[in-house]
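Below is one structure; the comments refer to it alone.
Coordinate-derived values only; no laboratory data. The model shown is predicted, which means the values in this text are computed figures rather than measured ones. Heads up, the Cβs are rebuilt from the backbone with ideal geometry, glycines too, and the neighbour counts pull from every protein chain shown.
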Amino acid sequence: MGFNKTLRPGLVQIRVLDLDKTLHFYKEILGLNEVCRSSDGLRVCLKAYDEFDHHSVTLRLASEAGLDYVAFKVNSPEELERIKDEVVAFGYRIDVIPPEYDQPGFGKRYAFTISTGHRFQIYSDVKLADQTPMIHNPDIWTEPPRGMRATRMDHFLLYGPNIAEAERFCKEVFGMYAPEVCNTVDGNRLAVWLTGSNKPHDLAFVEYPKPGKIHHLGFYLNDWTDIGNAADWIAVNRLKLDVGPTRHAITRGLTIYFWEPSGNRIEVYAGGYSAYPDHPQRVWDSDQLGRGLFYYSGEMVPSFLEIVT
Amino acid sequence: MRDTFVITLNAGQESFLCGEDDTVLAAMLRQRRGHLRCGCFGGGCGICKMRIVSGAYHQIKPMSRAHISEAEQAEGLALLCCIAPRGDMVLSRVDGNYE
């Protein structure tokens, strides 16, 4: 549910070092469906079984791992133009990406770079997928979910400089709010969780000197049982586990973190509280962040904060 | 039968064995040598970067060019999660990669 102007993060393009091996992970282990490929064979578009739009994840073969861009769906073509004007008024330069340019099914997109060095895009029009969830007397799925049974691309955590400006941008231009924040002892923002809906986060930022980094891409699972199932798939396939299964106190999500074969960190996540824009903001002190992130052990895992792609 | 090689690091103070079909990083961690920080095991995060002082290796997966440029690789730097030995090897640390 979108309360505000920005419905959700709807598309990410991720760079991968080994397309075949990494695609196998996203399809057969994470459980996404392949939608289409670019004619040069260098990019593959995927979606989760419970998503309606054409696709939500594009893998691009590249010499570096990491994030190309994230794109947010807004709730109408009129809103798209209004938000575009607000992006310009905020001070960011806009590039126009024509319909069907390099993401099949997607209408016009506007692209810009925010203070943290990340490329953001916005769009309102995207075709429905050929295979969407059922809508008339619907069953829960049409084909049995595979592997970790990811239901949707859910959120991402981005690392970069000047997250205070990124937070202000997401609030003022995207109409988002911050259900939860973490501050350093001297009162500066260390991390912020932002949403335009009632998910506890659509995206999050951590302050970091290098621009444009991604910490993880998060996919939603149904419940704690599916988190355990995901852990089994990690073990059977010798994927490198980072943290979990555990619970976040921040967002209250049930979670497990690991790396896909090209070295991008993935989270599979279930639960989490329902956020509302009128609720008081939850505030964490940075010396309590270990407990905030890993509620059961209460201890920070150094690799978790320090390693980004 | 697979070959096993001796990997030496820290100017000869530590060594461990690594099979020809194993990554140097996996063998190092299993034998608790090196105290090297490790991350993704996929060549993407760059944390397991070390200098190959001597010894031949086989690269079994791509290394992110964000962390190992072609020039760096040519002068002997590598991500240990991406390489398997083809002979005895000597490694030395790169600043910032030890706990």
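Observations, loosely collected:
- Computed over neighbours whose Cβ is under 15 Å from that of A:L293, the net charge equals -2, Lys and Arg +1, Asp and Glu -1.
- Shielding by partners for peptide B:61-71, expressed as the average number of C-beta atoms from other protein chains within 10 Å of each residue's C-beta, is 5.
- Segments A:157-163, A:83-89, B:71-77 sorted - mean Cβ within 10 Å per residue, highest first: A:157-163, A:83-89, B:71-77
- CD proxy at 222 nm, helix term only [per DSSP H run n ≥ 4: -39500 (n - 2.57); per residue of the protein assembly as shown; nearest 500]: -4500 deg cm²/dmol
- The GluC sites (Glu not before Pro) found in segment A:221-309 that occupy coil by DSSP, while having at most 12 further C-beta atoms within 10 Å, are A:E299.
- Filter on A:K21/A:K108; A:K240/B:K49; A:K27/A:K171 - keep pairs with C-alpha separation over 26 Å: A:K21/A:K108; A:K27/A:K171
- In segment A:6-123, the DSSP beta bridges split such that about 75 percent are antiparallel, to the nearest 5.
- Beta bridges assigned by DSSP with both partners in the protein assembly as shown are antiparallel in approximately 75 percent of cases.
- Less than 5 angstrom separates the built amide H of A:N75 from those of A:L7, all sequence-distant by 5 or more or on a different chain.
- Share antiparallel - DSSP beta bridges, chain B, percent rounded to 5: 90
- A simple count of charges around A:E143, restricted to other residues whose Cβ falls under 15 Å of its Cβ and scoring Lys, Arg +1 and Asp, Glu -1, yields -2.
- Inter-chain shielding of A:229-240 (mean C-beta neighbours from other protein chains, 10 Å cut-off): 1
- Cβ-based charge dipole, chain A, positive-most Cα from A:N33, A:Y208, A:A150: A:Y208
- Peptides A:71-78, A:256-263, ordered by how many other C-beta atoms sit within 10 Å of their residues on average, highest first, read A:256-263, A:71-78.
- FRET efficiency, 1/(1 + (r/R0)^6) with R0 30 Å, evaluated for B:E70 and A:S38 via beta carbons: 0.75
- Average partner coverage of A:285-292, which counts Cβ from other chains inside 10 Å: 0
- Net charge, B:E72 excluded, C-beta distance under 13 Å - Lys, Arg +1, Asp, Glu -1: +1
- Looking at segment A:158-235, none of the trypsin sites (Lys or Arg not before Pro) sits in a DSSP loop with at most 12 other Cβ atoms within 10 Å of its own Cβ.
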